[in-house]
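Where a number appears in this text, it was derived from the coordinates with a stated rule and is not lab data. What you see is a predicted model, and the numbers here were worked out from it, not measured in a lab. Ideal geometry is used to build each Cβ from the backbone, glycine not excepted, and the neighbour counts take in all protein chains shown.
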Amino acid sequence: MMAIREHPDSSLRTRLPAVLVMVAMIVSSLSSAVAQFDVRLAIDNRMVNIGENQIEQAIFRNSRSRTGQGLEQAINRLELQLDLVELIGDVSDEQRETLELAGWGDIQRFFDRVELLKRSTPTGQVPMEEYQQLWQKVRPLHARFNKGLHGPGSLFRKTLRTTLTEEQGERFEQLERDRHRRHYDAIVRAAVASIEGAIPLTSRQRTQLIELITEKTDPPESYGQSYNQFRVIIWKMSQIPEEELKPIFLENEWKVMQALLQQGRFVEQQIQQLDELEDEDW
Amino acid sequence: MILLRPLMNGFIPFSLICLLVTNDPQVARGEEAPVKAALQALGEAFRPVEKPQPTPPQPRAEEADEENRGEADKPADDKHDKPRAQRAEMAVEVAPAARPVAPAVEAAPARRIDLLGGFRAVFQPEQKKGADDDIPPDMLKQFMPHLNKLLVAEIHFLRKVCQPDPETLARLRQAGEEEIVSIAKMYARLMRKNQHSGFPDARELLSFALKKKAEELLPAAAARRYREELTARTEAGKQATQAMMTVILDRHLALTPQQYDQVAEAVGENWKEDWGQNLQVFLYDEYAPVPGPDVLNPLLNDRQRELLKDRANHGRIHFGWEQDIAVFNWGVGVALEELDEYPGEEAQ
């Protein structure tokens, strides 16, 4: 108080009560607001709102998902698969119908699972724990839909083997191999470009490395999750004999490359585990 | 809004607010002129942060020289290869030009708002142009470890391609060191503007600066080799991106082999520079950019068009500038170090 009395600015004394009142009011309003906010946070932390359309959106991962959109996509994909089969030539109407039926079987099976999940999921506010459990059930369905319902292991693929003639089957397998090879070559190029971030390569090194990988390794049966694609290439590179790979790099580059290859050796195991997990879930 | 609620609900008398903001007891008594001043002060204090006034990009000294020399004197590939990053930097500067910007707000209102707590962070007054020249060294520190590793990698590349003599190497290295400081400052400026993603590509900026210096210092043949290698590297990255984009479209649309080639070609013809900033984005289908329907639809059948329309796309993601330069992308914990001596081109 002494300090205030001695203050040269006399207006401070006149304003002081007002300022004190205001500070007190702000503090009290703030504490009340903070308390309300805390309660809201606590509620938000424990409860999550699940909308009616949310399961479909989570499985098909499209914010614009509407009811039935996933099914439309699945049907379109089946028709495109059938178009691809027809590229081998001489596919009879009967063969196409059989394959179509098998494809519908895959679609039916998948959407039965989706429907089951939707029915067993309550809408509205659910506890966070329940929401997380739901997410565990959604994940394999999303992964399956993303990979395609008519890929390896599907009824469509099994029926393909028994429906096509031997010659047709070989032509279709060749078509598929070419497709996988195109994808693999693209992923190899991209993985090498990504390696160049750590080890800048000359044109000659780049060409040699890409050629070596594509010549000495084969596309994998599965890349696991899509984010593993570049790491799969490192794993494939780790299978190339060192005496063929090492000469491409300078001494200091090879040190970094070795560390990278060491990492690649664990990728195969991880992918197998992921695939097994997904199959179990499915 | 939580903080404003007591004000809006009228819990705090308006005169008290005016008093606090203007520091004038007349205001509390409701005299007209000071109240007007108080309202003005409040308006200024709560004015949203304005973007800095636009200024045309200033070319650096060597660029100005370059321009003075005229197009015909420039190296053949220079007309098109001003780095994307540099263009982006210019865009950052030029973008707000569309509307006139109010004069800078003086610092005083923000000081008073300090009395109300954390409002300063929200209602920070505009920074005056030129204030970013005094970026504290501490702010630059966060960028330097990655940028230094990037410099090592790029100097390694330059030495591998050109084998400069020690004196020339020292000057090239110095140019690189200056450039990474300049990049760090640019990043710091962007962060000050609350931009935390989509930074210009540091590798591209650095290699552009090194290329300029190499043209100046190295024998013509060596400089040409370096320029060609940089161009080839950019082209390889672009081709890899285009290939990944086509793979993603094929997986989604089940393209026929003929369509596959057509789509790959169309992707190349309609290339956008920002597609290639970070290849990692193509590991996440739902975030990967693809050409629009105007480019793809003519190559697709009806079913494929429908699928393309329904393709989930969550917009672009940014992995951060550190991931964009990709020095440590693989997380192996071993970074490239320079060799003492580099073998000649034939030995490589």
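Assorted remarks:
- Rounded to whole numbers, the Karplus 3J(HN,Hα) couplings from phi for the range A:151-168 are x, x, x, 7, 4, 4, 5, 5, 5, 4, 5, 8, 8, 7, 6, 4, 5, 4 Hz, using 6.51 cos²θ - 1.76 cosθ + 1.60 with θ = phi - 60°, and x at Gly and Pro.
- Listed pairs B:160/B:272; A:246/B:141; A:137/B:149; B:212/B:272; B:213/B:272 exceeding 32 Å between Cα atoms: A:246/B:141; A:137/B:149
- Ordering A:128, B:144, B:244 from the fewest to the most neighbouring beta carbons within 10 Å gives A:128, B:144, B:244.
- Summarising the label geometry, the points placed 7 Å from Cα in the beta-carbon direction at residue B:258 and residue A:203 lie 3.4 nm from one another.
- Distance between the modelled labels on residue B:228 and residue A:97, one decimal in nanometres: 6.4 nm (7 Å Cα→Cβ projection).
- The shape of the range B:219-273 can be summarised by an equivalent ellipsoid whose semi-axes, obtained from the alpha carbon gyration tensor, come to 32, 9, 8 Å from longest to shortest.
- Hypothetical label at residue A:173: residues of the range A:87-121 whose amide nitrogen lies under 19 Å (7 Å Cα-Cβ projection): A:87-91
- Converting phi to 3J(HN,Hα) with the Karplus coefficients 6.51, -1.76 and 1.60 and the offset θ = phi - 60°, the range A:84-90 yields 5, 4, 5, 4, 6, x, 6 Hz in sequence order, with x at every glycine or proline.
- Length gained when the stretch residue A:243-residue A:136 is fully extended (0.36 nm per residue, less Cα-Cα span): 34.0 nm
- Using a simple spin-label model with pseudo-atoms 7 Å out from Cα toward Cβ, residue A:211 and residue A:47 lie 6.7 nm apart.
- With a Förster radius of 60 Å applied to the C-beta separation of residue B:235 and residue A:20, the computed FRET efficiency comes to 0.25.
- Modelled FRET efficiency - R0 25 Å, residue B:334 with residue B:215, Cβ distances, 0.05 increments: 0.15
- For residue A:48, distant residues with modelled amide H under 5 Å away: A:126, A:128
- For the range B:134-233, relative contact order (Cα pairs under 8 Å, six or more residues apart, normalised by length) works out to 37 percent.
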